[in-house]
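The values are calculated or read from the model by the stated rules, or taken from the named source; none is laboratory data. Model, not experiment: these values are computed from the prediction. Positions of Cβ are generated from backbone atoms using ideal geometry, with glycine treated the same way; all protein chains shown enter the neighbour counts.
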Amino acid sequence: MRHYPQAPRCDAADTLFGVRIEDPYRYLEERDAAGTRALVAQENAYTQAFFDSRTDFDARALEAELRAKPTPHTLQDIHEACGVRCATRTIEGGLRDSVLLDEQFRITGVLMNDAMVDNRMHVYAGIPCPTHPGIFAFTAVKHGAPRCCVLVYDANAKQVIAELDDVFGFSWTDDGEAIYYSSAVVDAEHNRNINRVHRYEWQQKKLVTTYTYEENAVFIGVEPAPEGGCFLMVKVNYGDTLILHQDAAGAVTRLSSGKGYYQYAGEMNGRCYFSTDDGAPMGRVVSIRCDQAGQEGALCDGFEVALPEQDASLESVCLTKDGILAVHSKDACSSMALYAEGGARLREIELPDRFGAVGAPEVMQVSDQGRVFFRFQSFTMKPELLMLDTADWSLTCIDREEERDTGDVEVVQHFLNARDGQRILVYLVQPKGLIKNGDTPVLMYGYGGYFNVLSPMPENLAGIDIVDWVRKGRIYAHCILRGGGEYGTAWHEDGMLLRKKNAFTDFIDIAQWLVDEGYTRPAKIVANGASNGGLLMAAITTMRPDLFGTVIASVPHTDMIRFRNDDRGMMYITEYGDPQENEETLRYMLSYSPYHNVRPGTLYPRLLVQTGENDNNVPPYHGKKFAVRMQHDADERHPVLLTVLAHGSHNRGVGDEYYRNIAQMQTFIEIGLREADEEKV
């Protein structure tokens, strides 16, 4: 018998549309309550004791091994402007530095890191001011804050000039005198996010709110427009964008209908360019004259097509002197090419791996030295930082994590039919010449949401190197699910709102296919995912407990009824729906909400739930409530563990917590696979 920590049950409940919804662990929503903190401490101690009790697997030794392993200090997020180059460098414990680079891209010094702001926050990428050397703006996340902040930093004086809070995105003005950014506050009374646009003039330390969007929206992207002013990209939901133009005097014009995705890409030759899937589900680039920026509906009926829709999803664009550089994703893998106005392909940029992915923002920038920087990786190839020189279109590797021979590993595409006939895709990374024996361990990974493309990656979220995993005679399964952005707008819409369960059943159907095709058996299937992928893990655990042997749900949503009360709930209802406002939505979400679908006495997969006390995306109560309910109700033959990182945000932790968390995840997987073999005997 497992002696889980004793979590008292309460009689809390909601009644919505006549449906009584019991919530026996609601008190865990109070993160700082004494009872919650005490239970979390007991759960963490129980989890550690579980690993310490294993004589066959030593999680502490693995933690020490991970800590001692050299960290490749690879570069990413490079920016070059005004004679300055900066980049982000990965360092030990899941942390990063922002560093300065010389002309040969050698590190000359540390520009910013967590320690320089008293470890009050995690600091991410920095962007140099386009006109004032030594002035930078950094994205950061304060511990426990629901949204990001922007640090304006004077490297010459070594001083933070400003901390701008509740930020979703920012951009420098073209003259470098100010930063545009958007913020949001929750108006719970009226069921909405109120988004505001601000202009911060850093030399005068002057902050002005220039626009307020009163209706509910996810966030607003802001980019400077020609002739002053800015374009406002109001994310109505995770698929639709309303484009507004605000001129220098403050007048606002509505350019689009509010349907379809839009992103401003920049100005070239007197025209403003936008990438969009409006009228083109796989994406295209359109343009209007700069003098049309103040014309109502210009993007509805006054545009020209600069780059027509392709048979692959448009992921990123860049305006260059020679044409439009575009990254397309086909079957979740990247291609890159240069196009003339109108769509004629001028040149293909040869990328290092067929089954790989370009890591770049939606709009890539040409630096003032004529260079484009981006990251590339694949299932078998560690990340590389590449530089594309637009002077001669040569591609150069600036920095790579590791170069290795992976001739003993193969990547295979498999298309199969989901239960409703929809064609879905799984990539299998496997030993070359694999012979199916029905007993091979399989590590499955998926996401399926928010229009995100699940691109190839060399490392799983549990810190497992995929090549190393395969070299143990195992298979990695990379699952392309509805709800993502891999096949355009329709693919996303087929896995959101009242079709959200398609993402879950796609993952389940891939697992069943792996069994039916003789690759493996359920006990040897390990599944993991994070965030929306953590919801996926919790959902497949409760929907098909017989089909998976071991599941790791990292930073998951699990209570799909009360999530809308969270700080970011007004954002997420645009993807999932609002169960408190619509009866059909309530009943649909109750049918899959993991916390509400735990069935007493059921033998569930071995389950490890990980969350963080400072998670700024998904409050930690989701993981806590689900794990505790599973511990109370599930058949005890398989363990249910909860790890709550004291300093963790929407990640796997940093520093000591990072190594401990990764070691526990990897050990939990090995324990599950060992027990699967023992159960078979």
query = Of all residues in segment 585-629, which are touching an Asp or Glu at 6+ places or on another chain (Cβ under 7 Å), under 25 Å from PRO146 (Cβ atoms) and not polar (S, T, N, Q)?
reply = TYR595, PRO619, PRO620, TYR621, HIS622, LYS625
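Could you grab me the full set of residues in segment 279-296 that are of a type in the set (Asp, Glu) and within 14 Å of MET268 (Cα to Cα)?
ASP291
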Positions within segment 457-507 being within 16 Å of ARG423 (Cβ to Cβ), among the aliphatic types (A, V, I, L, M) and in a helix (DSSP H, G or I), in sequence order = ALA490, ALA503
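When the residues of segment 626-661 are narrowed to those that are over 20 Å from ASP559 (Cβ atoms) and aliphatic (A, V, I, L, M), which ends up modelled with the lowest pLDDT? Lay out the reasoning, then the answer.
Of segment 626-661, the ones over 20 Å from ASP559 (Cβ atoms) are 635-639, 646-647, 651-661.
Of the ones still in play, those that are also aliphatic (A, V, I, L, M) are 646, 654.
Values: ALA646: 92, VAL654: 83.
Here the answer is VAL654.
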ask   = Are any residues in segment 52-105 surrounded by 14 or more Cβ atoms within 10 Å (Cβ to Cβ), within 27 Å of the chain's Cα centre (by Cα) and basic (Lys, Arg), and if so, which ones?
value = ARG67, ARG85, ARG89, ARG96
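Residue by residue, here is whether (1) among the aliphatic types (A, V, I, L, M); (2) touching a residue at least 40 places away in the same chain (Cβ under 8 Å); (3) under 30 Å from ARG2 (Cβ atoms) holds:
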position	(1), (2), (3)
PHE563	no, yes, yes
ASP566	no, yes, no
LEU607	yes, yes, yes
VAL618	yes, yes, yes
PHE626	no, yes, yes
HIS632	no, yes, yes
HIS638	no, no, yes
VAL644	yes, yes, yes
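Report the residue count in segment 147-158 for those that are surrounded by fewer than 18 Cβ atoms within 10 Å (Cβ to Cβ) and either under 13 Å from MET112 (Cβ atoms) or of a type outside the set (Gly, Ala, Ser) (or both).
Step one: filter segment 147-158 for residues surrounded by fewer than 18 Cβ atoms within 10 Å (Cβ to Cβ), giving 154, 156-158.
Subset that is either under 13 Å from MET112 (Cβ atoms) or of a type outside the set (Gly, Ala, Ser) (or both): 154, 156, 158.
Going through segment 147-158 one residue at a time, the tally reaches 3.
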ask   = How many residues, within segment 15-51, are modelled with pLDDT of 95 or more, outside any helix (DSSP H, G or I) and either assigned by TED's automatic domain parsing to the domain that holds ASP615 or surrounded by 15 or more Cβ atoms within 10 Å (Cβ to Cβ) (or both)?
value = 5
request  = Identify all residues within segment 600-628 that are hydrophobic (A, V, I, L, M, F, W, C) and buried (at least 21 other Cβ atoms within 10 Å of the Cβ); write none if there are none.
outcome  = LEU607, LEU608, VAL609, VAL618, PHE626, ALA627, VAL628
request  = Just give me the residues in segment 449-479 being touching an Asp or Glu at 6+ places or on another chain (Cβ under 7 Å), crowded, with 23+ Cβ neighbours inside 10 Å and more than 22 Å from ILE540 (Cα to Cα), in sequence order.
outcome  = ILE466
key: Restricting segment 574-599 to residues that are polar (S, T, N, Q) and more than 23 Å from the chain's Cα centre (by Cα), the residue that is surrounded by the fewest Cβ atoms within 10 Å (Cβ to Cβ)   = SER591
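Here are VAL358, VAL363, VAL305, VAL372: which of them is under 19 Å from the mean Cα position of the chain (by Cα), farther than 27 Å from GLN430 by Cβ and not assigned by TED's automatic domain parsing to the domain that holds ILE424?
When all the criteria are applied, what remains is VAL363.
Scan the strands (runs of 3 or more DSSP E) fully inside segment 373-445 and keep the ones with 1 or more residues being surrounded by fewer than 19 Cβ atoms within 10 Å (Cβ to Cβ). Write out each step before concluding.
Working: elements: 384-389, 394-400, 409-417, 423-431, 442-445.
Passing ranges, in order: 384-389, 394-400, 409-417, 423-431.
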query = Looking only at segment 64-106, which residues are of a type in the set (Asp, Glu) and assigned to a helix (DSSP H, G or I)?
reply = GLU65, GLU92
note = Looking across segment 645-659 at residues that are surrounded by fewer than 24 Cβ atoms within 10 Å (Cβ to Cβ) and over 20 Å from the mean Cα position of the chain (by Cα), the single one that is nearest to ALA627 (Cα to Cα) is ALA646
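Can you tell which of VAL358, VAL366 is buried (at least 18 other Cβ atoms within 10 Å of the Cβ), assigned to a strand (DSSP E or B) and among the β-branched types (Val, Ile, Thr)?
Numbers: VAL366 fails: assigned to a strand (DSSP E or B).
Only one candidate passes the filter, namely VAL358.
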request  = For segment 555-578, indicate whether the set of residues that are modelled with pLDDT of 95 or more, among the small types (Gly, Ala, Ser) and not in a loop (DSSP other than H, G, I, E, B) is non-empty.
outcome  = no
ask   = Out of segment 207-256, which residues are in contact (Cβ under 8 Å) with a residue 24 or more places away in the chain, exposed (fewer than 15 other Cβ atoms within 10 Å of the Cβ) and in contact with a Gly (Cβ under 9 Å, 6 or more places away or on another chain)?
value = GLY250, ALA251
